[in-house]
Each structure stands twice: as C-alpha cells, then as structure tokens.
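The values are calculated or read from the model by the stated rules, or taken from the named source; none is laboratory data. Given the structure is predicted, the values throughout are model-derived calculations rather than measurements. Every residue, glycine as well, gets a Cβ built from its backbone with ideal geometry; the counts of neighbours run over all protein chains shown.
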Amino acid sequence: MNKRFFIGIAISLVFYGVVQALISGEILNDFYIDTLVMLGVNIILAVSLNLINGFTGQFSIGHAGFMSIGAYVSAIMTTNLGYSFPLGLLCGCLAAAVAGLIIGFPTLRLKGDYLAIATLGFGEIIRIVWLNNDYVGGAAGLNGIERVTNWSWIFFGVLVAVVVIQNIVKSTHGRAMISVRENEIAAEAMGINVTKYKVIAFVVGAFFAGMAGAFSAHYFYGIAPTSYNFMKSFEILVFVVLGGLGSTAGTIIGTILLTLLFTYLQDIPEWRMVIYSMILILTMIFRPKGLLGNVDVTKFFKKGGASKNGGTTTTP
Amino acid sequence: MTFDYIVQQLINGISIGSIYALIALGYTMVYGIIKLINFAHGDVFFVGAYTGYFTAKAGLGLILSLIIAMAVCALLGVIIERLAYRPLRNAARIVILITAIGVSFLLENLGIVTLGAQAQGFPDIVNKSTYTLWGDVTIDSIQLIVLVVTVVLMAVLQYVVHRTKIGKAMRAVSFDMEAARLMGINVDTTISATFAIGSALAGAAGVVFAIMYPSVDPLMGVIPGLKAFVAAVLGGIGIIPGALVGGLLLGVVETGVQSIPGMSLWRDGVAFAILILILIFKPTGLFGKNVREKV
Amino acid sequence: MMMSKKFIAVTAVLTATTALAGCGSKSTGSSSSNGDTIKIGANLELTGAVAAFGTSQLNGIKLAMEEINSAGGVNGKKLEVVSADNASKKDESTRTATKLITEDKVDVLMGAAISGDTFAAVEVANNKKIPMLTPSATNDDITFDHKKNKLNDYVFRACFIDSFQGKVMADFSADNLKAKNAVIYTDNSSDYSKGLAKSFKSEFESKGGKIVAEESYQTKDTDFKAVLTRIKTLNPEVIWVPGYYEEVGKIVKQAREMGITAAIEGGDGWDAPQLVDIAGKENLNNTFISNHYTSEDPDPKVRKFIDAFKAKYNTVPDAMAVLGYDATYMVADAVKRAGSTDKEKIKEALANTKNFEGVTGKISLDKNHDPVKAAVVLEYKDGKQTFNTKVQP
Amino acid sequence: MAAQQQLLKAEKVSRVFGGLKAVSDVNLEINDGELVGLIGPNGAGKTTLFNLLTGVYEPSDGDITFSGTRVNGLKPYQITKRGAARTFQNIRLFGEMTVLENVMVAYNMHAQHNLFSSILRLPTHFKGEADMREKAIEFLKIFNLESKKDEIAKNLPYGEQRRLEIARALAAKPKLLLLDEPAAGMNPQETTDLMNLIRWIRDEFKITILLIEHDMGLVMGVCERIYVLDRGQMIASGTPEQIRTNPKVIEAYLGQEV
C-alpha cells in the first residue's frame, strides 16, 4: 500500500516534469497553459465537492460560495493588503474552511433537497455580501490581480487536493463518511459521530474550494461576484455527477471531458450550450451512475484485472 | 412611514408573491408526486411566455393566448418527462436532478439560438386599469387578476389532488410507486398527467408574468424559477397550500426589505437568510410534515 | 495508496486533453489564406448571462466587416473576423483572448462587451503586445488603471467612460431641467450602472443638487414597485436610472403607472428598439438619455448604417451593435494609417486616432486611450428619440 | 442470576408522538448475561422502545440507565460507544460498501488513528487500518462470511445480509446486543440456525441480548425471560412458561397463536 502510494506520486511528478519541460521549451503555448490551469481549478472544485456530495451524501449546491471566499480573501490579502501569494492562499483556504464550518453546523439538521436549497441560499448570501461591499469592488469586483498561479502551483494544488481527499476516503474516516451516505441511522447506531463527519466533509470540501478560488483569482487577473452565482455551483455539481458520484477518478475524468467539450464547442458558439446540455442529458440517461460511477478504477489495475479490462467500466 | 405606505407595500408584496406562488404551484405539484426538483420548470415557464408572445402578436386575446400557452407547455412537459425523466425513474435522485438542469440549459439555449438572446417587448393584450382604494393606495387590474387566478388554481389543484380519481392515483404514486402499480394504477399515465398539469401551470404563469412585466427573453425563467423554488421549499415542498403561503411570504418579505430606505440591495440576502432560518427551525418548511424516517 | 495506475490514466487523459484543446474558431472572413487578410479576434459574450450584448455587438462588427471588404478592404487586404465566445465568464474571457492570439494569430483583438470580461483580457493584450479595442466596456480603469496609475498601452475603447455619461446627465438635470433633487436607482449587479451612478452623484451634488435617496435593483429583476412606492413618497424631480433597457423599460412603465411623473433619465444602456415596446410609448414621455447618436438622426452616415443594419438583421440596432460597428471601422482606420499589420504600428495608430468619423460621432482618443466624443441628450417623445442637446466633453 | 449486575434499566419511560403515546410508563430491567425477549402484537411499540433504548428517540418522560449511567438524550452513537449495539427490523447495511468495509465501520469509534494521521499517511494510520482489517476478517471468519469479504453488501442473499448485520453489530464490542426481529423473512430452517447462532453468540461473546421477535417458537426457545408489550404498555414479564400461560398475554394475542 505504502509503496503504491509513492509510486503514484512519482509517476505524477514525472508527468509534471514533462509538461513543465514542454512549457519551458515553449512547445505548449499560453492557451494550453490557460486550459491546464482551468482544468486544474475545475478538478480541485469537483474533487472537493465530491467529498461532500459523493462520499458523504450531503446534497450541497453552494460550492461556488466557498470558492468565492477563497478567491476574495486571497485577492484582498495580495492585492489590497500587499501580502505574499502563499499567505493569501492559505488565508483564502482557511477562511473558506471556516465558512464550511459555519454553514456545516446549522444545516446538519437538514436533509436532501432541503439541505440543497439551504446551501444554495448560503452560497447566494455570500455572493450578495461581495456584491454589496465596495471594499471588494462591488459588481466590478477586484481587478488587476497579479498573475501568480502557474503550472507548478496548479499541479501541486491538484495533487494535494486529490491526495488529501483520497487519503481521507481510503481510511476509517472515509468509510465513516460513506456509511453516513449509505444509511445515516445505521451509521449512527454503529458508533459513527455523524455530525462530526458531516462537518469534516464540509470543512475539507470548502477548504479546497477556497484553494481553487485563490488559484483562479491569481491566474485570470480579476474576480467579480457574478462568477460565483448558483450557476457556477451547478456547473461543479455537473462535473461530479457526470464523472461519477463517489469516484475520485470519475470526477477527474468527467471534469476533463466536460471542460474540453466546452472548449471544443467554441467553434460553434450558438450551439455550444445546446450540445453541452444534450450530452449532459444523454449521459445521465445512458450512464445514470456517471461515467465511472461506483467504479473504483484502482480495482481494474489490481493484479490480474488490468490487462483484460483495460479500463472499461464494468461493475466490479 | 404612513399607514397608507405600509398598505401599499403590502399590496405590492402580495402581488409579486402571488406570481411566485403561481409558478411554485407547478413546482410543488411535480415534486409532490415524484420528488423531483424540476429545474426545467422555469424554462417551461419561458416557453409559455414566448408562446403567449407569438399568439398575442398574431392578434389573439388573453384567454386564447393563455389556453394555447398552457396546451403547448403541457405537451412540452409530457415530452420532457417521457424523454428525459422516465428512463431515470429508478435512478438516484441527484441524477434526475442533473438531468433536469440539463433540460433547463437545453431549453434556454435552444431559445437563444432560435429566438435570440435579446429581450422583446410583450404586446399589450389586457387593458389595465388602476383602482384607487383610498388616498394613495392603488391596485391595478392585473395584480388583482394574478392574485385571483393563483388562489383559484390552488383551490382547483387541491381539489384535483384530494377529491378526484386522478388525484387519488397521484397521491398513491407519490406514497409508494411500486404499491400503486400493483394496485392497478397506471403509474406512467399518472406521472404524465402530473407533468401536464404542472407544466400547463408554468405556461399560464409565463403568460401572466409577461403581461405583468411586459418583456420576454429566453433566460426570463431563471430568476422567477429560483424564487418559486424557494417559495415552494419555504411553504413545504410538495404541499399545494404551502406554495401559496411560501410565495406570498417571499413576496412580502422582499417588498418589506426594499421598502426600508437603503435596504434594497439586501433583498435577496434577507430572503435567503429567512429561508435558511425557517428551515433550521422547521426543516421541512412551514407546512411540511416532519416525516420521521421509520427505523 | 493504490493510486499509481489511476495517475497514469489521468495523465493519459490530461495529455490527450492538451493535444485536443487547440480548437478552431469561427471565421467569418472572406478569404482563408493568411498573408492577405487582416485578422480581427472578437472575444465576445455569445452565450451566458449577457449573450444579448455580445451577439448584438457581433452583428455590428460583421456588418462593418462586410462593408469594408466590399469596398476593397484595407491596404488591399480583406478583414477577417474570428469570433470566439467567452460565455460571459471572466476566466473564459482570459482564455478566449489567449486563444485568439496564440492559436488564431489575430492581428487585433476586439471585445469584450462588458467591463468585467474586458478586464480579464486586458493583461493578455498587454503581455502579448496585441492591440485590443473594446467597443463597449465603460469602466474607467480598463484603459488606465487609476489605482496603479498606469496606462494599459495596448488597450483602447470606442465608447464613453462611466464618469462622462453620469456627468453629462447630472449637468443636464441641473442646468436644463433646473432640478434640485434627484433619486438614484442603480442596477447593483452592473458595474456600468454603478459607475454612472457614482459620477452622476458627485456632479449633481457639486452643482448644488441633492440626492434624496439611493436605491438599487439587480439585473433580471422584474418588479420594482416596492422601491418605486418609496421613491414616490420622496417626490423627486429627477430619477436617475443608469441601467439596461430590459429592466429600465419595466421601471419606467411601473413608475408611470403608479403616477410618478418625474423626469427619468439614463445612459446609452437604454438605447434599444425594445425599450419602447416594454415601457410603452406614453410612459416614456419626460425621459432623457445620453447617447452616442440617435437612430432618428437624418445624417446620411447614420441613415446608411441604420438601413443596412435593418436590411441585414431585420431589426433596429441597439447601442451594442452601433458601438461594435464603429469600433470595427476604427480598427480598419488604424490599420490603414499604420500601413501594415505590425502590432506596434497599429497600436500607435489607434492611440493617434483623431477626428475619426463614426456613426456615433467624431471620435478622438485622449492620452488615456478613451474617446473624446460628444454625447447627445435625447428625449423620448411618443416613443421616438428626439434630439435635445449636444454636450461636448 | 440474582448476583448478576444490572446492565440496563428503563424506569417509567414514555414517548409521545403528536399526542399519541406510543410507549407509556414502561419499566424494564436487564442483567448482565441475560438473553431477554420482547414480544407483543403488531404496533405494540416494541421498535419504539428499542429506539428509545438506543437513543434514536429521546424519551418524553422517564429514565434510561445503561451500565450505571443515565443515557436519556444521548445520541445513538454515544450510546453505542457505551456498549449497546443493535440491528434493524428492515436491514440497514451500508449497501454500496463491501462486506469487510461494513464490519470495519464498527471499529471507527475505537480508531487509534485520527484524521490527520490518515491524511498524512503517518505510521499510526497504516497500523490502525491494518489492525481494523485484521480484526474484521477474524470476525467474518467467525460468521462464515470471510469468503465474501469483497462482495458489495447489497448483493448478498437475504440470510447473509442478516448475518452480516449481526456481525457488524457485534464488531462494535457491545455489552448489550439488541436484535430487532432477526428472524423476519426467514424460513424455518434458517430460523433454527439463527436460534443456534444467537445462543452461540451469547456464550461465545459473553454478552447480554435483548431481542424483539414475532416468531414465538424462537423467542420461547432461546429467551430466558420475556417482556410483553401491548399498546405501549408492559403487560407482563417472566419466564417463557409464565408468559405462555399468562391470561393477559393470551388476550393481547387473541386470535394469534401463542
């Protein structure tokens, strides 16, 4: 186990190095880097929402709110107050995590659709607070944020998010979260402190959403409240569900495919969203569990299974 | 703040609230039967409004426009259910929800492609008259019509669901789909009927909305849809009188916040905060039964 | 943990991603060969929340491009407009601008339609040293960053800045209408609206007027009666509503129906044929706007544009369309004066734009790259815009 | 028996649901090591009483003492931590998790490694997880489920799901095991096996068991003492013999075979 973990890290570092070399050698131009950063931000968002929605089963559609906190707090730190980016990033993440805590607690009483609308409401309230605050530019938002995020930041950000969340999920704490999703009453009867694990999911999820927000703010030069409305939360939710709730690999692949699809369709702007939504509907109808729903990809790669299955998605 | 001022604002609040309630009725109806937050509801609403736009341009009056819009939307609702939701009847709720979001995006963007993104003015088809109640307090005919239509439709729905055969079937399906099927109820037909009624309501709301606020555009359903959803949840989603109360409450709260000097920017913030507070103390909305999961 | 293979999978997908990500764009040019065209990249809001603005603007740009090309192009070369959709999102706008530069190798960037999305592209233009002209982004800081006191060398605009229109209408209210008090009713979710509100307020107050209330609504709101009821009790002489026509139309209608007779004023965001349909002809009486031009202007240049636009799109152009149209001619003019597609030369030429004759008037760019052009104050009479006064900057 | 310690005591426990008394003034005492049955007609309030004892509901009135401490108002997980584990009438497994993972959930409350050691993959994490896994496999062996440890729980046949649920509850190392209709849906052969299993569990794990059951044969066969609940009230208690002949019980079950 230990070994596999480190092999995984090593391989991803090689990937990092190759891309970095391509960037340094100017083989990958800025547009590819933009796309990679956007992918990275989306992956962090989706993977962190997956912890709340997919693994713990708490229906949250306020993720854009957490993201905005990371973006705004980090941008205030760097642009308005002149602190360094790492400090801004850290503060952004922590502020988002605190928001996760604040939102996590009162909404614990709520379930399903009621939780969903409450989280949506919280997300909108956060957005309205930014909108009505002239210190952060109101509707115009904060502009002129220096570009600090680069391939290295985003790569290690994704790596940390994925590793931390995978490490939580593949442990007794992750099993506790999944048991809450599967059957809250039984989980509680088995000694699981349901409240604690729900709050942990919200806090960790919010932390990384904040990180994604900080990265994106420090790459795309500016932030504004409209970027964090409920449509953004839906967008993140779509990444997660399309890829497969409760599957980290699925979430990552779903995010990549959707982001790419969206990029690709730029060719035909007027039909872009039509095709996007058609694909979304059709995927849900023909693969209701998502592209990799409930499929633990690692299983295919265990000894024996790998060569034959080659990555197709059959039920384990 | 005079008494007249407060009464006038109350009228404003009830008038906007009754629009929310009218949209929320369809939302809550569909939710009550198949527990689906039909995010496409706001977009069926936009289709209804556009249908009304074309019929009105063609010179048809209010009643005909309403009937045609309701028919078009009922058909649209049934088609959406048949094509997008029915294949997913046994899938996880969140999957159907994402599909609903997909349908919503699809309708909006098909609208943009075919009708253009620009808002269009809605023709005047109702002669609006304003009545002065006393002093400065006024109410206009459209506000009255909307309120009356909403209350009447709510009563009719309540009657249909609780007193008719199809209503009984709906309640049975809502309670236990499998058992209803075993009892010989045609579940598919019942759900289709639910969508037809719910979508017809959205269509009616769309036309009325476009008359009251005379413009139509493909994204016009997004905000009213969200507000109506909030109203439905506030009242207890799935409960028909809850939609009315939730809608009116939301309308009055919003108006109340805006009637205070300088508070208008916090309208939606306060509305959402109240929603969350109500949910925390009454997790299933004002009228929602606190259903305990049977252990 | 068992992540190694998964990482390979993800890596593979990521690599595929980067390989595929370079996607084509929609070209609306006449010629496809690269040497003999001038490529203009239009980074616009074609989908998403403000798709209405972006699509309208693209219509104006395309019309201008066709006219220029049928008149022989510029310096013997045809214009080619490569449009790309930024989905009304800031991050997408950065990426779209980058794509137009690195993938489509455009010579000049145009867009975006609103300030937020334009901000997201400013640094791209600066870093890549590609001249960028926004037809309609009004935020003062786009061309000149006041906080850093730094000019964005490569960024230009074709429209008024926020502070100008607010000032024009505040002066008009105080001097022409002799108004002593006003209410400001802003679209709080629009940076444009807030900018106009701010400059109106400071100018109106400096002229001794009094702002009796500041209220706000949000884009896509439909019911304004709560706030209007309050405004009515204040009995102002002027209501300043610097928003876009969709909401403004409803505000005017509801205000008049409630018996508010005060003058209602706004900026170029009002200028769209739909405004009259939404608000109603009579309701628009006693309303005034500042604008670049009037679509009722008998000037042959304006008539020619309006007729051509109507013929092509079957509708009267709104402010977005006319700004897109003029901006395209401005680019063509600059390229012509530059005599080549050298980016530095185009940049210099744009900066030196003097007395350019556009549909929206005579345009010269000042040292901040902002147009110095006259504004006209229009009054609505029975649904028709009528010329009231002309205000020189 | 008299020398045994008292483990669970309910004194005048009541629970009202919307004006309706589902359980009223119920007294119940269970001593260490006993195997006690709780019977009663449908709707008598048996499961409600179970839910009160395990913290799913809070009593409207009365006191519940477990292992010498008052547990009213404690959450289910806190009561489980104090040593009472249960199964459910309608099986509540963690459907999408494997058999092994289902059992491993029970060890969470005694986990030696906290969240941070898992995130950082500290040695304590690996040790803690390995321990859990080992213990869970031992457990599955005892219940003859080891060969199915990697199967998804919801795919198991019904009887095995029941067994797994009991195994999962036992893995929580309870002093008191509460079984809610363990024989529901089983055929006679399976029921006999279950009876043997329950006896064996009591002897092997030296724990106390309280079970709700409809199957009279099973209750009479394994329980040492029986409580009878009818319309929310405890109408009788005693040995199986005493219960069999109690006229009140017969009346309550009138028309039903006792």
Please tell me if B:Val146 is more than 12 Å from chain C (Cβ to nearest Cβ) and in a helix (DSSP H, G or I). no
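Looking only at helices (runs of 4 or more DSSP H) that fall completely inside the stretch A:1-88, which ones have 2 or more residues that are touching a residue at least 40 places away in the same chain (Cβ under 8 Å) and over 30 Å from A:Asp134 (Cα atoms)? Spell out how you get there, then give the answer.
Working: elements: A:2-24, A:30-50, A:63-75.
Ranges flagged: A:2-24, A:30-50.
Of all residues in the stretch C:230-245, which are touching a residue at least 40 places away in the same chain (Cβ under 8 Å) and either acidic (Asp, Glu) or within 11 Å of chain B (Cβ to nearest Cβ) (or both)?
Result: C:Ile231, C:Leu234, C:Glu237, C:Tyr244, C:Tyr245.
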Do you know which of the residues in the stretch D:50-82 that are more than 18 Å from A:Asn193 (Cα to Cα) and among the β-branched types (Val, Ile, Thr) is farthest from the other protein chains (Cβ to nearest Cβ)? D:Thr65
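Do any helices (runs of 4 or more DSSP H) lying entirely in the stretch C:294-393 carry at least 2 residues that are touching a residue at least 40 places away in the same chain (Cβ under 8 Å) and in contact with a strand residue (DSSP E or B) (Cβ under 7 Å, 6 or more places away or on another chain), and which ones are they?
Values: elements: C:300-313, C:319-338, C:343-351.
Passing ranges, in order: C:319-338, C:343-351.
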Just one of C:Val391, C:Val372, C:Val377 is among the aliphatic types (A, V, I, L, M), within 16 Å of C:Phe156 (Cβ to Cβ) and modelled with pLDDT under 95; which is it? C:Val372
Only one of B:Val252, B:Val208, B:Val291, B:Val216 is among the β-branched types (Val, Ile, Thr), surrounded by fewer than 24 Cβ atoms within 10 Å (Cβ to Cβ) and modelled with pLDDT of 90 or more. Can you tell me which? B:Val252
Count of residues meeting criterion [of a type outside the set (A, V, I, L, M) and within 14 Å of chain B (Cβ to nearest Cβ)] in the stretch C:262-302: 10
Matching residues, the stretch C:61-95, being buried (at least 22 other Cβ atoms within 10 Å of the Cβ), on the phi < 0 side of the Ramachandran plot and of a type outside the set (A, V, I, L, M): C:Glu80, C:Ser83, C:Asp85, C:Asn86, C:Lys89, C:Lys90, C:Asp91, C:Glu92, C:Ser93, C:Thr94, C:Arg95
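Does C:Val227 meet the test of being more than 7 Å from every other protein chain (Cβ to nearest Cβ), among the β-branched types (Val, Ile, Thr), under 19 Å from C:Thr287 (Cβ atoms) and crowded, with 24+ Cβ neighbours inside 10 Å? Outline the logic, then answer.
Numbers: more than 7 Å from every other protein chain (Cβ to nearest Cβ): no; among the β-branched types (Val, Ile, Thr): yes; under 19 Å from C:Thr287 (Cβ atoms): yes; crowded, with 24+ Cβ neighbours inside 10 Å: yes.
No.
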Determine if the stretch B:42-62 includes at least one residue that is within 14 Å of chain A (Cβ to nearest Cβ), surrounded by 23 or more Cβ atoms within 10 Å (Cβ to Cβ) and among the small types (Gly, Ala, Ser). yes
The one condition C:Ser136 fails out of (1) more than 14 Å from chain A (Cβ to nearest Cβ); (2) surrounded by 21 or more Cβ atoms within 10 Å (Cβ to Cβ); (3) assigned to a helix (DSSP H, G or I) is (3)
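Tell me the strands (runs of 3 or more DSSP E) entirely within the stretch D:20-132 that contain at least 2 residues that are in the same structural domain as D:Ile250 (by TED's automatic domain parsing) and out of contact with any Ser or Thr (no Cβ under 7 Å at 6 or more places or on another chain).
D:20-31, D:35-39, D:61-66
Before we move on, is B:Tyr27 under 19 Å from B:Val156 (Cβ atoms), in contact (Cβ under 8 Å) with a residue 12 or more places away in the chain and aromatic (Phe, Trp, Tyr)? Give the steps one after another, and end with the answer.
On the way: under 19 Å from B:Val156 (Cβ atoms): yes; in contact (Cβ under 8 Å) with a residue 12 or more places away in the chain: yes; aromatic (Phe, Trp, Tyr): yes.
The answer is yes for B:Tyr27.
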Considering each of A:Ile44, A:Ile23, A:Ile102 in turn, give the residue that is out of contact with any Gly (no Cβ under 7 Å at 6 or more places or on another chain), within 14 Å of chain C (Cβ to nearest Cβ) and not aromatic (Phe, Trp, Tyr). A:Ile23
Give me the pairs: first residue in the stretch D:112-132 and more than 9 Å from chain A (Cβ to nearest Cβ), second residue assigned to a loop (DSSP other than H, G, I, E, B), beta-carbon distance under 6 Å, and six or more apart or on different chains, which are they? D:Thr124/D:His113
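Rundown of residues vs (1) under 20 Å from D:Asn102 (Cβ atoms); (2) in contact (Cβ under 8 Å) with a residue 60 or more places away in the chain; (3) not β-branched (Val, Ile, Thr), yes/no style:
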| site | (1), (2), (3) |
| --- | --- |
| D:Arg168 | yes, yes, yes |
| D:Pro174 | yes, yes, yes |
| D:Gln189 | no, no, yes |
| D:Asp193 | no, no, yes |
| D:Thr208 | no, yes, no |
| D:Ile212 | no, yes, no |
| D:Val219 | no, yes, no |
| D:Tyr227 | no, yes, yes |
| D:Gly232 | no, yes, yes |
Specify the residue that is modelled with the lowest pLDDT; the eligible residues are those in the stretch D:149-165 that are surrounded by fewer than 21 Cβ atoms within 10 Å (Cβ to Cβ) and in contact with a helix residue (DSSP H, G or I) (Cβ under 6 Å, 6 or more places away or on another chain). D:Gly159
Does any residue of the stretch C:90-113 turn out to be over 22 Å from C:Ala158 (Cβ atoms), without any contact (Cβ under 8 Å) to a residue 24 or more places away in the chain and assigned to a loop (DSSP other than H, G, I, E, B)? no
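Would you point out the residue of the stretch C:236-295, among those that are touching a Pro at 6+ places or on another chain (Cβ under 6 Å) and among the small types (Gly, Ala, Ser), that is surrounded by the fewest Cβ atoms within 10 Å (Cβ to Cβ)? First the steps, then the outcome.
Here is the first cut: in the stretch C:236-295, the ones touching a Pro at 6+ places or on another chain (Cβ under 6 Å) are C:262, C:266-267, C:278.
Those still in the list that are among the small types (Gly, Ala, Ser) too: C:262, C:266-267.
Working: C:Ala262: 22, C:Gly266: 28, C:Gly267: 31.
The extreme case among them is C:Ala262.
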Give, as residue ranges, the helices (runs of 4 or more DSSP H) completely inside the stretch B:207-295 that count at least 1 residues that are within 11 Å of chain A (Cβ to nearest Cβ), over 30 Å from B:Phe54 (Cβ atoms) and of a type outside the set (Ser, Thr, Tyr). B:222-235, B:267-281
Which residues, counting only those in the stretch A:243-257, are farther than 14 Å from A:Met38 by Cβ, more than 7 Å from every other protein chain (Cβ to nearest Cβ) and assigned to a helix (DSSP H, G or I)? A:Gly243, A:Thr248, A:Gly250, A:Thr251, A:Gly254
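Does A:Ile126 satisfy the criteria of being modelled with pLDDT of 90 or more, assigned to a helix (DSSP H, G or I) and among the β-branched types (Val, Ile, Thr)? Give the steps one after another, and end with the answer.
Details: modelled with pLDDT of 90 or more: yes; assigned to a helix (DSSP H, G or I): yes; among the β-branched types (Val, Ile, Thr): yes.
Here the answer is yes, as A:Ile126 does meet what is asked.
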